[in-house]
Amino acid sequence: MNLKKTILATISVLTLFAHTVHAQTEMNFKDNAKVSIKYHDRTVYYPGDKDSNPIYIYITVSNTSSKTLRFKVADDKMFSVDFIGFNALKSQLPSTQSLIRKRTTNQTVYFREISLEPGEEYSFRENLKDYLEITTPSTYYVELRFFPELYRNKEVNASSNRLSLEVRPSPSAASSSVLPVESKTQVMLQPEEISPDKVIEQTIIARQKSLWDQFFLYMDLEEMLKRDPSRNRKYNSVSADDRQEMLLAFKADLMLQRIDRDIVAIPAKFEIETTTYTQTEGTVKVKEWFRNVNFMEKKRYTYYVRQRDGIWQIYDYTVDNLGTE
């Protein structure tokens, strides 16, 4: 009986010791390390294939303490890191099937012991699409979990900063010959000092060809968001960072045609009727035809534009139904 009590006491001590070591490991790493992520050669991202359109994330572990920092890194980084992704509605992105299979299969995980002196860093690159299923265009928010004792001890982890990720609709065949950015340098388009009617013409053509960068080029997204009173109230009540997130989410919802569908509707043809403007304000009336199964629906769009630093921007619009043909 005494032997049994001794064995139970020993097991309790060992269990307590293991929990203490576990807690100390987690505390020591979190207190002495910084984990950060950023884009590696940021480009335009689309859903789908991870090889033809990867999303490379550059991961850095930094020793921020005055002591040597030690941790493990697996040869297969899927056992050292994990990505957590959410869309604008806070729904979590699912893990890829290959990641799930790899972590649920019984196998030997090879790793290295890393030692960082004060001020030193350890960095590597991973493809986000190896970890998360990204199948639809939207605005996402991505964080990383780093496991200093590998995934088998995933409770011991440290979180990174958060990245905002914009995934755009895949280019259609009609737009494949005209890209919204320069493919080699990824230099974004710049708006030009063109007349209000040309601004509207280019915007509509860009929508017809699914060129989202060109479609948004002359649009004042902030003012367009504020057209809705509830969005306007919320926008005016939040912080600058939250406003930026609202604009990204608004833009993503427009691309998915979840809101304000009139402005993102694709006309089969259009005709600019009248253009009037002063030095700072203008209106452009456009007749637009939309194809249905057995008829054409006709509407008149009135676009309201405003000039800022020589550039005309769309900040509001109205739509009148003109019947069918």
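Out of all the residues in the range 148-168, which are part of a loop (DSSP other than H, G, I, E, B) and open to solvent by less than 40 Å² (accessible area, probe 1.4 Å)?
148, 150, 156, 157, 160, 168
Looking only at the range 305-325, count every residue that is out of contact with any helix residue (DSSP H, G or I) (no Cβ under 9 Å at 6 or more places or on another chain) and within 15 Å of residue 220 (Cα to Cα) and tell me the total.
So the count comes out to 3.
Counting only residues that are part of a loop (DSSP other than H, G, I, E, B) and modelled with pLDDT under 95, which one in the range 134-147 is least open to solvent (accessible area, probe 1.4 Å)?
Start the filter on the range 134-147 by keeping residues that are part of a loop (DSSP other than H, G, I, E, B), which leaves 134-137, 147.
Of the ones still in play, those that are also modelled with pLDDT under 95 are 134-137.
On the way: 134: 7, 135: 101, 136: 69, 137: 26 Å².
Going through the qualifying residues, I end up with 134.
Residue-wise test of (1) under 30 Å from residue 250 (Cα atoms); (2) in contact with a Pro (Cβ under 9 Å, 6 or more places away or on another chain).
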{"site": "37", "(1), (2)": "yes, no"}
{"site": "54", "(1), (2)": "yes, no"}
{"site": "65", "(1), (2)": "no, yes"}
{"site": "80", "(1), (2)": "no, yes"}
{"site": "90", "(1), (2)": "yes, no"}
{"site": "99", "(1), (2)": "no, no"}
{"site": "107", "(1), (2)": "no, no"}
{"site": "129", "(1), (2)": "yes, yes"}
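Considering only residues of the range 55-75 that are open to solvent by 80 Å² or more (accessible area, probe 1.4 Å) and within 30 Å of the chain's Cα centre (by Cα), which is nearest to residue 113 (Cα to Cα)? Quick ask: steps written out before the conclusion?
So the first thing to find is which residues in the range 55-75 are open to solvent by 80 Å² or more (accessible area, probe 1.4 Å), and the list is 64, 66-67, 70, 75.
Checking the rest, the ones that are also within 30 Å of the chain's Cα centre (by Cα) come to 64, 75.
On the way: 64: 18, 75: 11 Å.
Here the residue is 75.
Do you know which of the residues in the range 85-94 that are touching an Asp or Glu at 6+ places or on another chain (Cβ under 9 Å) and open to solvent by 30 Å² or more (accessible area, probe 1.4 Å) is modelled with the highest pLDDT?
Looking at residues that are touching an Asp or Glu at 6+ places or on another chain (Cβ under 9 Å) and open to solvent by 30 Å² or more (accessible area, probe 1.4 Å), I get 94.
Among the residues of the range 37-48, are any closer than 19 Å to residue 149 by Cβ and touching a Phe, Trp or Tyr at 6+ places or on another chain (Cβ under 6 Å)?
No.
Among the numbered criteria (1) open to solvent by less than 80 Å² (accessible area, probe 1.4 Å); (2) at pLDDT 80 or above, which one does residue 38 miss?
(1)
Select from the range 291-311 the residues that are touching a residue at least 60 places away in the same chain (Cβ under 8 Å) and aliphatic (A, V, I, L, M) and list them in ascending order.
305, 311
In the range 228-259, what residues are within 18 Å of the chain's Cα centre (by Cα) and of a type in the set (S, T, N, Q)?
244, 257
Considering the range 131-164 alone, what residues qualify as being of a type in the set (Asp, Glu) and under 18 Å from the mean Cα position of the chain (by Cα)?
Within the range 131-164, 133, 143 qualify.
Could you grab me the full set of residues in the range 118-133 that are more than 23 Å from residue 53 (Cβ to Cβ) and surrounded by 14 or more Cβ atoms within 10 Å (Cβ to Cβ)?
Passing the criteria: only 122.
How many residues does the range 71-108 hold that are touching a helix residue (DSSP H, G or I) at 6+ places or on another chain (Cβ under 9 Å), without any contact (Cβ under 8 Å) to a residue 60 or more places away in the chain and of a type in the set (Ser, Thr, Tyr)?
Count: 3.
Specify the residue that is farthest from the chain's Cα centre (by Cα); the eligible residues are those in the range 260-288 that are charged (D, E, K, R) and open to solvent by 60 Å² or more (accessible area, probe 1.4 Å). Full working, then the answer.
Step one: list which residues in the range 260-288 are charged (D, E, K, R), which gives 260-262, 269, 271, 273, 281, 285, 287-288.
Now narrow it down to the ones that are open to solvent by 60 Å² or more (accessible area, probe 1.4 Å): 261-262, 269, 271, 273, 281, 285.
Details: 261: 22, 262: 25, 269: 33, 271: 36, 273: 38, 281: 34, 285: 35 Å.
Ranking the qualifying residues of the range 260-288, first place goes to 273.
How many of the residues making up the range 95-117 are assigned to a strand (DSSP E or B) and open to solvent by 30 Å² or more (accessible area, probe 1.4 Å)? Give the steps one after another, and end with the answer.
First, pick out the residues of the range 95-117 that are assigned to a strand (DSSP E or B): 95, 111-116.
Narrowing further to those that are open to solvent by 30 Å² or more (accessible area, probe 1.4 Å): 95, 111-113, 115.
So the count comes out to 5.
Report every pair of residues separated by at least 6 positions or lying on different chains whose Cβ atoms are under 8 Å apart, first residue within the range 181-205 and on the phi > 0 side of the Ramachandran plot, second at pLDDT below 90.
Here the result reads 186/42; 186/43; 186/44, each pair linking the range 181-205 to a residue that is at pLDDT below 90.
Checking residue 256 against (1) open to solvent by 40 Å² or more (accessible area, probe 1.4 Å); (2) under 15 Å from residue 201 (Cβ atoms): exactly one of these is not met. Which one?
Unmet condition: (2).
The values are calculated or read from the model by the stated rules, or taken from the named source; none is laboratory data. Small disclaimer: the values here were computed from a predicted structure and weren't measured. When we count neighbours, we look across all protein chains shown, and the Cβ atoms used for this are built from the backbone with ideal geometry, even at glycine. Side chains included, ligands, DNA and RNA excluded: accessible areas come from the protein's heavy atoms. Shrake-Rupley method; radii C 1.70, N 1.55, O 1.52, S 1.80 Å.
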